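Everything below concerns the one structure shown next.
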Amino acid sequence: ELGAVIGAVAVYLFFAWQADTFATVGGTANFLDPASTLGIMAVAVGLLMIGGEFDLSAGVMTGSTALVTGLLATEAGWNIWLAMLVALVFALTIGFFNGLLLISTGLPSFIVTLGTFLMLQGVNLGVTKQVTETVQVRGIDAAPGYDSARSVFSSTFELGGGTFRVSILWWIGITALATWILLRTRPGNWIFAVGGSAPSARNVGVPAARTKIALFMTTATAAWLVGCMTAIRLRSVQANAGIGEEFQYIIAAVIGGCLLTGGYGSAIGASIGALIFGMAKQGIVFAGWDSDWFQLFLGV
């Protein structure tokens, strides 16, 4: 994680020099907000990358789960907690399908999840337009159970004079849990092993197929969590939500030290990569630059 930490400190000092408000408590709350949801996904994607695979459907999955939740809560009148539970089952099914197809066909995960990405993109748009006659689901805040769900997934809290999102606490907790799994448990050893060399891992008794399927289901679960957070916070969902964000998750994981070849990386590093992303995104705004330069800055 050392390289990512150095990068994070450098980015922080740079934008603190460019704008005084960036280093305030309010400024910190501003850049931690986008970093938190990105960080949740970056940790899950980082684990999958350590296991030697990619998931290009992770971004659109956040939109799909949000749409399932929104449609059931608004069009069917379900309690939002029940709608979220069904959306979780949907996400786990897609994750299981991705992993099973990868194992059974031997196709690269890039191809398998690209296919899933395209299918979900089409389903999201087609079903939303069919049911709502628009490309948006509105009125999620009118669903039964919305207030309690909002307190868990999208509330705010005051700290040191700043207003922080509860998603930051989720991000920290998930990072800590993922780090413990990677470094202190047998499944963590399995993840490193299958990413380093799946045949060698199988030869020493590691359940490689089960591990890879579980990693895809983990990514899908993280996408469900971020999708629900976004839907509850915005009170609406666009049919194209999440498209393109899968590359941001991969970028954050790579900046945090996860190798594209698998077998190496950390959850903390992926989180720091997301933090760098969040600081750059909001720092450009604080500095008064044109936001069009953000992609250039991120590329550098």
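Distance between the C-alpha centres of region 81-135 and region 194-224: 19 Å, rounded to the whole angstrom. Note on the chain: with neighbouring protein chains present and a 1.4 Å probe, carbon and sulfur make up 66 percent of its accessible heavy-atom surface.
Annotation: per residue accessible area for region 93-213 equals 55 Å², rounded to a whole number [probe 1.4 Å, protein chains only]. To the nearest 0.05, how large is the calculated FRET efficiency for Val300 and Lys129 if R₀ is 41 Å and r is the Cβ-Cβ distance? Efficiency, rounded to the nearest 0.05: 0.55. Is the chain rounded, prolate or oblate when judged by the Cα gyration tensor, a ≥ b ≥ c being the square roots of its eigenvalues, rounded requiring a/c under 1.5 and prolate requiring a/b larger than b/c? Taking the square roots of the gyration eigenvalues as a ≥ b ≥ c, the chain is oblate. Nearest 500 deg cm²/dmol is fine: what mean residue ellipticity at 222 nm does the chain get from its DSSP H runs of n ≥ 4 alone, each adding -39,500 (n - 2.57), divided by its residue count? Dividing the helical sum by the residues of the chain leaves -24000 deg cm²/dmol. Between the listed residues Tyr264, Ala208, Gly3, the Cα displaced farthest toward the positive end of the dipole of the chain, a dipole computed from Cβ unit charges relative to the Cα centre, is found at Ala208.
A protection proxy built from the mean count of other Cβ atoms within 10 Å ranks the segments 72-82, 43-53, 260-270, most packed first, as 43-53, 260-270, 72-82.
Note on the chain: dipole from Cβ charges, positive end direction compared against Ala274, Met217, Thr69; the farthest Cα belongs to Met217.
Is the shape of region 210-300 rounded, prolate or oblate, going by the alpha carbon gyration tensor and its root eigenvalues a ≥ b ≥ c, with a/c under 1.5 for rounded and a/b larger than b/c for prolate? Note, shape of region 210-300 comes out oblate. Computed from the alpha carbon positions, the gyration tensor of region 27-135 leads to an equivalent ellipsoid with semi-axes of 25, 21, 13 Å, biggest first. Per residue, the average separation of C-alpha pairs within less than 8 Å and at least 6 apart gives the chain a relative contact order of 38 percent. From most to least packed by mean Cβ count within 10 Å, the peptides 206-215, 226-235, 60-69 give 60-69, 226-235, 206-215. Computing FRET efficiency as 1/(1 + (r/R0)^6) for Leu118 and Val9, where r is the C-beta to C-beta distance and R0 is 41 Å, gives about 0.55.
Each Lys and Arg contributes +1 and each Asp and Glu -1, all at the Cβ; summed about the Cα centre of the chain, the dipole is approximately 720 debye. Note on Thr24 and Ser148: the extension gain reaches 41.6 nm, defined as 0.36 nm multiplied by sequence separation minus the Cα-Cα distance.
Could you state the number of Å between the C-alpha centres of region 154-182 and region 242-270? Value for the Cα centre distance between the two parts: 19 Å.
The values are calculated or read from the model by the stated rules, or taken from the named source; none is laboratory data. Being a predicted model, the structure only gives us computed values, none of them experimental. Every residue, glycine among them, receives a Cβ derived from its backbone with ideal geometry; neighbour counts consider all protein chains shown. These accessible areas exclude ligands, DNA and RNA; they are computed on the full protein's heavy atoms, side chains included. Shrake-Rupley method; radii C 1.70, N 1.55, O 1.52, S 1.80 Å.
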